Each structure stands twice: as C-alpha cells, then as structure tokens.
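Down below is the structure, laid out as structure tokens.
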C-alpha cells in the first residue's frame with residue numbers, strides 16, 4: 001500500500017539575508033512519481049530541495065516567503081512541528097554519510113531517536129529497510145560490523161535504508177549518485193524506480209542522462225528561477241523554452 005503524499009510550492013521565494021536565492025517557485029510534485037530538478041551549479045536546486053523539509057531553517061538569516069504545502073498543509077505555517085515534518089520527509093545527501101556505528105545501528109538510529117524501544121519491531125524495520133534499499137542480501141551476515149567498511153555504493157544504499165526506516169512519505173535525494181561509479185549508480189537508479197511505488201521522490205541531479213532515465217517529470221532551474229517544468233519526455237524532446245533546450249543540449253551549464 002502506498003504511503004506517498006503530494007507536495008507543492010506556490011510563489012515561493014527564499015532569502016539568505018537580503019539575497020533572494022529563489023524567486024517565485026511554483027511546482028506540484030505528483031504522487032508516486034520521480035521529479036528531477038536540473039540546472040547549472042548555483043541555480044538554486046539544492047536550496048529549493050532543502051526548503052521542502054525546512055533544512056534551511058538551520059542556516060541563520062534565512063527566510064521563506066510563499067507556500068510549501070505537504071498533504072494540504074503549509075509547512076511554514078506557525079506552530080508546525082518541524083521534527084515531525086522531517087520524519088515524513090526522508091533525505092539522502094550527495095556523499096554517503098553513514099554514522100561510525102554498525103550497519104544495524106545506522107538503520108535503527110532514526111527509530112531509536114523517535115523513542116521506539118521494541119527490540120523485535122526495530123529488528124523487523126531494519127531488515128525491511130535494508131531490503132527496501134536492495135542491500136539486505138549483501139549485509140545480512142555482517143550487521144554488527146562497522147558501516148564504514150562498506151563500499152561507497154553500499155554506504156549510499158545504507159543511507160537510503162536509514163531514511164526508509166522511519167517510513168517517510170516523500171524522499172529527497174541531492175545528487176545521490178554523483179560520488180559513485182557507474183555500477184553503483186545503476187543500482188541507485190534501479191532502486192529509485194522501485195521506491196517510487198511507495199514514495200513521492202524529488203531528486204537533484206547534474207546528469208541529464210540520469211534525469212532522463214529515472215524521472216517522470218523534470219524541473220529546470222536557472223539563476224534562482226524555475227524556467228520550465230513538464231514531463232521528462234516533453235522536456236527532453238520538445239522543451240518549450242529556449243534556455244531549457246540550450247541547457248539540455250549542452251550549450252551552457
């Protein structure tokens with residue numbers, strides 16, 4: 001049974017101090033679909049991604065104007081429980097960042113932080129999450145060894161399992177394969193196809209080929225503005241905007 005929920009932003013601006021880093025961003029993220037955010041470095045993709053789970057709140061002097069809605073609720077409204085929000089929105093970063101703990105404890109971490117003490121439930125969720133991240137068969141006999149002994153690709157899938165353990169509804173991925181070799185990258189991409197059956201996925205990628213392979217919809221950012229958003233097929237075969245076409249064909253960026 002799917003647990004994905006809909007997310008959207010409307011006329012969203014984001015500021016670092018007086019600097020407007022994002023301007024008037026309106027996107028709907030569809031249920032059980034992968035949306036790729038593309039654009040040159042510094043165009044606002046990752047900043048926007050971090051608006052979706054309020055990670056930017058951790059940076060002093062930042063502010064948001066406009067709406068970011070999750071399941072019909074404005075996540076920037078007064079009184080929103082940000083800890084609860086981040087439980088609903090998992091995040092995987094560019095570089096694998098396993099904790100210096102065992103494989104088991106890496107995946108169990110979020111459950112323990114959320115006050116879950118039932119040992120049997122934790123063991124079950126750890127196994128389910130590792131299976132969900134297509135890692136279980138590779139690590140089931142070494143669960144109590146250090147996660148730092150895994151390969152880079154395995155570490156990234158472990159980080160995905162860690163995100164899955166608390167059963168998020170949306171999964172954010174910030175260039176999850178950029179530090180990986182082609183074989184590990186393919187495993188992550190195959191995994192994304194599986195995960196979207198249960199999740200709404202938003203991925204930042206520099207790779208046009210990756211965006212074309214994994215996403216259903218693509219949003220092109222340039223200099224803090226959303227230039228175009230459409231089905232990935234339409235964007236890559238018949239973009240409506242000349243800037244989008246120039247970027248996708250490699251004329252700049």
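We did not get these values from a lab; they are worked out from the coordinates using the rules stated. Keep in mind that what you see is a predicted model, and the values were worked out from it rather than measured. Here the Cβ positions follow ideal geometry from the backbone for every residue, glycine too, while neighbour counts run over all protein chains shown.
The rule of thumb for compact globular proteins, 2.2 N^0.38 Å, goes into the C-alpha radius of gyration of the range 176-253 1.14 times.
When DSSP beta bridges are restricted to pairs lying wholly in the chain, around 55% turn out antiparallel.
Highest mobility in the GNM of the chain, judged by mean-square fluctuation with C-alpha springs under 10 Å and restricted to 145, 47, 35, is found for 145.
Structural descriptor for the range 54-210: relative contact order 28 percent, calculated from alpha carbon pairs under 8 angstrom and at least 6 residues apart.
Going from the residue with the fewest nearby Cβ atoms within 10 Å to the one with the most, 76, 48 rank 76, 48.
Per the Debye calculation on the range 123-177 with a single equal scatterer at every Cα and no solvent contribution, log₁₀ I(q)/I(0) for q = 0.17, 0.24, 0.25 Å⁻¹ amounts to -0.51, -0.98, -1.05. Panel values: the range 17-64, Kirkwood radius from alpha carbon pairs, Stokes-Einstein at 37 °C and 0.692 mPa s, translational diffusion coefficient 268 µm²/s. Would you give the gap between the C-alpha center of the range 206-253 and the C-alpha center of the range 95-115, rounded to a whole Å? Comparing the Cα centres of the range 206-253 and the range 95-115, I get a distance of 35 Å.
For the chain, the Kirkwood hydrodynamic radius from C-alpha pairs, put into Stokes-Einstein at 25 °C and a viscosity of 0.890 mPa s, yields a diffusion coefficient of 131 µm² per second. Kirkwood-type hydrodynamic radius, the range 13-121: 16.3 Å, calculated from all non-identical alpha-carbon pairs. For the range 74-147, the alpha-carbon radius of gyration amounts to 1.28 times the rule-of-thumb value 2.2 N^0.38 Å expected for a compact globular protein. Packing-based ranking of 223-234, 116-127 yields 223-234, 116-127, ordered from highest to lowest mean Cβ neighbour count within 10 Å.
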